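Trainee: Have a look at the structure that comes next, please.
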Protein chains: 2
Amino acid sequence: MTAPKDNGIPDNDVVLTTRSRLARNLADHPFLNRASDMQSALVMQTAQRVMLEAPLSEKTLWMDLDELTPLDRALLVERHLISRHHAESSLHRGVAISSDEHMSIMVNEEDHLRVQVLRRGSRLDETFEQLMRIDSMLEQHLDYAFHDQWGYLAVCPTNVGTGIRFSVMVHLPALRITNELAKVQRAAKELHLAVRGYYGEGSESSGHIYQVSNQVTLGRTEEEIQEEFSKSIIPALIDYERSARNVLMKKNSMLLDDRIQRAYSVLCSARLLKVDEAMKLLSRVRLGAALGHVDLSLQTVDELFVQIQPAHLNQQAQSTLSDNDELELRALLVRNTLSQ
Amino acid sequence: MTAPKDNGIPDNDVVLTTRSRLARNLADHPFLNRASDMQSALVMQTAQRVMLEAPLSEKTLWMDLDELTPLDRALLVERHLISRHHAESSLHRGVAISSDEHMSIMVNEEDHLRVQVLRRGSRLDETFEQLMRIDSMLEQHLDYAFHDQWGYLAVCPTNVGTGIRFSVMVHLPALRITNELAKVQRAAKELHLAVRGYYGEGSESSGHIYQVSNQVTLGRTEEEIQEEFSKSIIPALIDYERSARNVLMKKNSMLLDDRIQRAYSVLCSARLLKVDEAMKLLSRVRLGAALGHVDLSLQTVDELFVQIQPAHLNQQAQSTLSDNDELELRALLVRNTLSQ
């Protein structure tokens, strides 16, 4: 199978997004796990000043998370711009976000700074380059905790060294149908990769979407890690899933079509939809869209993955939805979007 | 709610069919549980002669079950014209069926004769009258085993006396959704009613369809039993189910509509359908049709209940279907019928 494209987004049939991120800590400031209230406030102050001064992106928004409502913080989590841990933490904390949402810098998450670049499709080189540019700019203004032998220091040992982590959000519905996911997960473990759910650490897989990331950053250069991830790991994941799709299409096309058509028609007709069920059905429809069995763009499906999340629905309703109203609004949103 | 009608079929929103049947045994012939091969063959001979001579219906077909293929016997079971027990028994056995399929007389099932009249909708009076007419005609030609004190004799004590049994096949999806079925089943038990599945004794309920019948025929006249069944039991069952439907429509119309619309769209889109799933989905669509939420006649749904059964599909295909081919053909049949 040749690689299908969706509006020119590379390998988007399997890879939803690619993310490169750095963990950084300021020198002469205690790590957050041992910082006082005042000391963490000082990190915030320093970081905020730099975020607003350095030309990190065309337009950078700065948000103090304490000043946001819980709904606004949940929206940022659902958009993958901050982590759940960051939203729920009790520290002074903030985030800088580029207006195109490609870049976000969490301040006082686990480390003083977590810089991420996130793009649709398989774009490790692009996100890595952009991340390196941002890192250079920040380093002109900030003095990082660095050890000659260990490299960049971080709260968690797995982040010590380069502090870099690459991850791809991959959609593996065919491997799920053919019961080969366990095999992929074993292979990932041997390669020291972490396999997580749609909302990262501690989250469950939803809609057969998995976040796969490197684990070890110590003792290797950023470039070495990036090369391995870009040249071996991502292509292997894509290949596994595409092969499973090929097998299904050749050997069990009726089963495949049954799953896709049922999912599509339930999404077009349900009056009440729970988020987990919606994710699962959208996953099958996404597979159908990738294979050309359903006339829908991958982008529409991927946007729905986010728009059906609870905070997004509450924001759309501009009120606090009851449980039942949330199920109704989700079903309505999905019906309207798919019937367009 | 007023009683909806479907082409003038009374109370068809809840009652699929009404059946009246008699158990009869010939005098001077041993009961089947103690008859020799020759003795049961003699019963067949006697019965067959009468069936073909007496004007039981405009056109009566006689079938020797031993001469039919297993597929043909299965077809008769699926059409509720003979019982599973009758199809699978190793006795000499036959059946007389009126060409409109309203009447069938099983010979050598549990008793020498089992005479049934089956009609769509709630029609106890009609089926009872027709059954009595057939019984009178048969009695002119046959000498029945009768005891002055006990009445008509039968193999099973529950059939001794009048030998009559009334049953209705009722569709109770709303009682299922509102979790009130257990209550109805308890009430039925107190009234000495048997509650069975779609294919009678020993079968499971399928598609929320239940066969409710009287159990005791001893010590009362046919008319007394009929009066109670007709005036109390059937109206109560109909009322329970309609009340549950009313409650759902008033208090949880979105849930109701969700179940109906999902079922309808899955039936219109599935490529593979198992019989149990199809029955369950058709049940919800039948509820939708009864409430006017789905533009479909109850008759279409009720015919599908029969046409999706395995023997009917094999007959339609005119070949022995593989398991997978059966799932495909069922899905195709349902899709085509619903999209007409």
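Trainee: Which of B:98, B:121, B:336 sits closest to the plus end of the dipole of chain B, meaning its Cα is farthest towards the positive end, when Lys and Arg get +1 and Asp and Glu get -1 on the C-beta?
Mentor: Farthest towards the positive end: B:336.
Trainee: Counting only Cβ atoms, what residue of chain B lies nearest to the axis that sends chain B onto chain A, and how many whole Å off?
Mentor: Closest Cβ to the B-to-A rotation axis, residue and whole-Å distance: B:265, 2.
Trainee: A follow-up question, please. With the Cα gyration tensor of chain B giving a ≥ b ≥ c as the square roots of its eigenvalues, does the rule (a/c under 1.5 for rounded; else a/b larger than b/c for prolate; else oblate) give rounded, prolate or oblate? It would help to have the intermediate numbers written out before the result.
Mentor: Numbers: a/c = 2.24, a/b = 1.42, b/c = 1.58.
Because a/c hits 1.5 or more and a/b fails to exceed b/c, chain B counts as oblate.
Trainee: Grab the DSSP H runs of the protein assembly as shown that are 4 residues or longer, score each as -39,500 (n - 2.57), total them, divide by all residues and round the 222 nm result to the nearest 500 deg cm²/dmol. The partial results should precede the final answer.
Mentor: Values: 26 runs with 312 residues, N = 680.
Using -39500 (n - 2.57) per qualifying helix, the result is -14000 deg cm²/dmol.
Trainee: Taking K and R as +1 and D and E as -1, what net charge do the other residues with C-beta under 11 Å from the C-beta of residue B:182 add up to?
Mentor: On the way: positive: B:176, B:183, B:186, B:189; negative: B:180.
Net charge in that neighbourhood comes out at +3.
Trainee: Would you work out which of B:108, B:232, B:145 lies farthest towards the positive end of the dipole of the stretch B:15-240? Charges go on Cβ: Lys and Arg +1, Asp and Glu -1.
Mentor: The residue sitting most towards the positive pole is B:232.
Trainee: Using heavy-atom solvent-accessible surface (probe 1.4 Å) with all chains present, what is the largest-first order of A:286, B:49, B:196?
Mentor: Numbers: A:286 0, B:49 120, B:196 50 Å².
Of A:286, B:49, B:196, the descending order of accessible area is B:49, B:196, A:286.
Trainee: Roughly how many debye, to the nearest 20, is the charge dipole of the stretch A:235-285 about its Cα centre, given +1 on each Lys and Arg Cβ, -1 on each Asp and Glu Cβ, and no other charges? Don't skip to the answer; put the middle values down first.
Mentor: Numbers: 10 positive and 6 negative charges, 22 e Å.
Result for the stretch A:235-285 is approximately 100 debye, rounded to the nearest 20.
Trainee: Given a 1.4 Å probe and the protein chains all in place, what does the accessible area of residue A:93 round to, in Å² to the nearest 10?
Mentor: 10
Trainee: At a probe size of 1.4 Å, how large is the accessible area of residue A:59, to the nearest 10 Å²?
Mentor: Surface open to solvent at residue A:59 totals about 120 Å².
Trainee: Give the calculated FRET efficiency between residue A:99 and residue B:324 to the nearest 0.05, with a Förster radius of 45 Å applied to their Cβ-Cβ distance.
Mentor: Details: r = 53 Å, r/R0 = 1.18.
That pair, residue A:99 with residue B:324, gives E of 0.25.
Trainee: Sorted by packing (mean other beta-carbon atoms within 10 Å per residue), highest first, where do B:314-322, B:124-132, A:112-120 land? Working shown, then result.
Mentor: Numbers: B:314-322: 12.2, B:124-132: 18.9, A:112-120: 23.0.
Listed from highest to lowest mean packing, they are A:112-120, B:124-132, B:314-322.
Trainee: Here's a follow-up. Probe radius 1.4 Å, ligands and nucleic acids left out: can you give me the accessible area buried at the B-A interface, summed over both chains, in Å² to the nearest hundred? Could you put the intermediate results ahead of the total?
Mentor: Values: alone 16130 and 16160 Å², together 30860 Å².
About 1400 Å² of accessible surface is lost on pairing.
Trainee: For the stretch B:15-240, with every protein chain kept in place, what is the accessible area per residue (1.4 Å probe, Å²)? Numbers along the way, then the final one.
Mentor: On the way: 10350 Å² over 226 residues.
On a per-residue basis, the stretch B:15-240 sits at 46 Å².
Trainee: Something else now. Once phi is turned into ³J(HN,Hα) by the Karplus curve 6.51 cos²θ - 1.76 cosθ + 1.60 with θ = phi - 60°, what whole-Hz value does each residue of the stretch B:185-194 show in order, with x for glycine and proline?
Mentor: So the J values, rounded to whole Hz, are 5, 5, 4, 4, 5, 4, 8, 6, 9, 9.
Trainee: Right, another one. Hey, if we sort A:223, A:78, A:58 by accessible area with the 1.4 Å probe, largest down, what's the order? Present the calculation step by step, with values, prior to reporting the outcome.
Mentor: Details: A:223 100, A:78 15, A:58 195 Å².
Largest accessible area first, the list is A:58, A:223, A:78.
Trainee: Within a Cβ distance under 14 Å of residue A:227, other residues only, what is the Lys/Arg minus Asp/Glu net charge? Display every interim value, and only then the final one.
Mentor: On the way: positive: A:220, A:231; negative: A:125, A:129, A:222, A:223, A:224, A:228.
Once positives and negatives cancel, what remains is -4.
Trainee: Report ³J(HN,Hα) in whole Hz for each residue of the stretch B:173-184, in order, from the Karplus equation J = 6.51 cos²θ - 1.76 cosθ + 1.60 where θ = phi - 60°; Gly and Pro get x.
Mentor: Ordered by residue, 3J(HN,Hα) equals x, 6, 4, 5, 4, 8, 6, 10, 4, 4, 4, 5 Hz.
Trainee: Find which of A:293, A:304, A:9 sits farthest along the positive direction of the dipole of chain A, computed with +1 on the beta-carbon of Lys and Arg, -1 on that of Asp and Glu, about the Cα centre.
Mentor: Result: A:293.
Trainee: To the nearest 0.05, how large is the calculated FRET efficiency for residue B:231 and residue B:191 if R₀ is 22 Å and r is the Cβ-Cβ distance? Show your work: numbers first, answer last.
Mentor: Details: r = 13 Å, r/R0 = 0.59.
My answer for the efficiency is 0.95.
Trainee: Report, by chain and number, residues whose modeled amide H sits under 5 Å from the one on residue B:12, excluding near sequence neighbours (fewer than 5 apart, same chain).
Mentor: Counting only residues 5 or more places away or on other chains, the set is B:6, B:122.
Trainee: Compute the FRET efficiency between residue B:221 and residue B:340 as 1/(1 + (r/R0)^6), taking r as their Cβ-Cβ distance and R0 = 41 Å, and round to the nearest 0.05. Intermediate values should be presented prior to the final figure.
Mentor: On the way: r = 47 Å, r/R0 = 1.15.
The value I calculate is 0.30.
Trainee: Please give, to one decimal in nm, the separation of the simple spin-label points placed at residue A:136 and residue A:79, each 7 Å out from Cα toward the Cβ.
Mentor: For residue A:136 paired with residue A:79, the spin-label model returns 2.8 nm.
Trainee: Give the nm distances, rounded to one decimal, from residue B:29 to the matching residue in every other copy, measuring between label points 7 Å along Cα toward the beta carbon; shortest first.
Mentor: 9.9
Trainee: Further question: If I compute solvent accessible area with a 1.4 Å probe over the protein chains, what percent of it on the stretch B:65-139 is carbon and sulfur?
Mentor: On the way: 1350 of 2850 Å².
After summing per-atom areas, the C and S share lands at 47 percent.
Trainee: How large is the charge dipole for the protein assembly as shown, taken about the Cα centre, if only the Cβ atoms of Lys, Arg (+1) and Asp, Glu (-1) carry charge, to the nearest 20 debye? It would help to have the intermediate numbers written out before the result.
Mentor: Details: 74 positive and 94 negative charges, 15 e Å.
Roughly 80 debye for the protein assembly as shown.
Trainee: At a 1.4 Å probe, what is the % contribution of carbon and sulfur to the accessible area of the stretch A:199-324? It would help to have the intermediate numbers written out before the result.
Mentor: Values: 2530 of 5580 Å².
Carbon and sulfur: 45 percent of the exposed surface of the stretch A:199-324.
Trainee: Are there any residues in the stretch A:234-269 with a reduction of at least 10 Å² in accessible surface when going from the isolated chain to the assembly of protein chains? Probe 1.4 Å, please list them by number.
Mentor: A:254, A:255, A:257, A:258, A:261, A:262, A:265, A:266, A:269
Trainee: Hey, what's the stretch B:252-339 come to in accessible area per residue, 1.4 Å probe, Å²? Write down the numbers at each step before the final one.
Mentor: Details: 3530 Å² over 88 residues.
Solvent-accessible surface per residue comes out at 40 Å².
Trainee: Another question, if that's okay. For B:135, B:239, A:148, B:72, give the ranking by accessible area with the largest first, probe 1.4 Å. Spell out each step's value before the answer.
Mentor: On the way: B:135 15, B:239 95, A:148 145, B:72 60 Å².
Greatest to least solvent exposure: A:148, B:239, B:72, B:135.
Trainee: If you don't mind, there's one more thing I want to ask. May I ask you to list the residues of the stretch A:61-100 whose amide nitrogen lies under 12 Å from a point 7 Å from Cα along the Cα→beta-carbon direction of residue A:37?
Mentor: A:91-92
Trainee: Might you report the magnitude of the Cβ-based charge dipole of the stretch A:252-339 about its Cα centre, with Lys and Arg at +1 and Asp and Glu at -1, to the nearest 20 debye?
Mentor: Numbers: 9 positive and 11 negative charges, 38 e Å.
Roughly 180 debye, rounded to the nearest 20.
The values are calculated or read from the model by the stated rules, or taken from the named source; none is laboratory data. Please read these numbers as outputs of a predicted model, since none were measured by experiment. Here the Cβ is made from the backbone with ideal geometry for all residues, glycine too, and neighbour counts use every protein chain on show. Just so you know, the surface numbers come from the protein's heavy atoms only, side chains and all, with ligands and any DNA or RNA stripped out. Shrake-Rupley method; radii C 1.70, N 1.55, O 1.52, S 1.80 Å.
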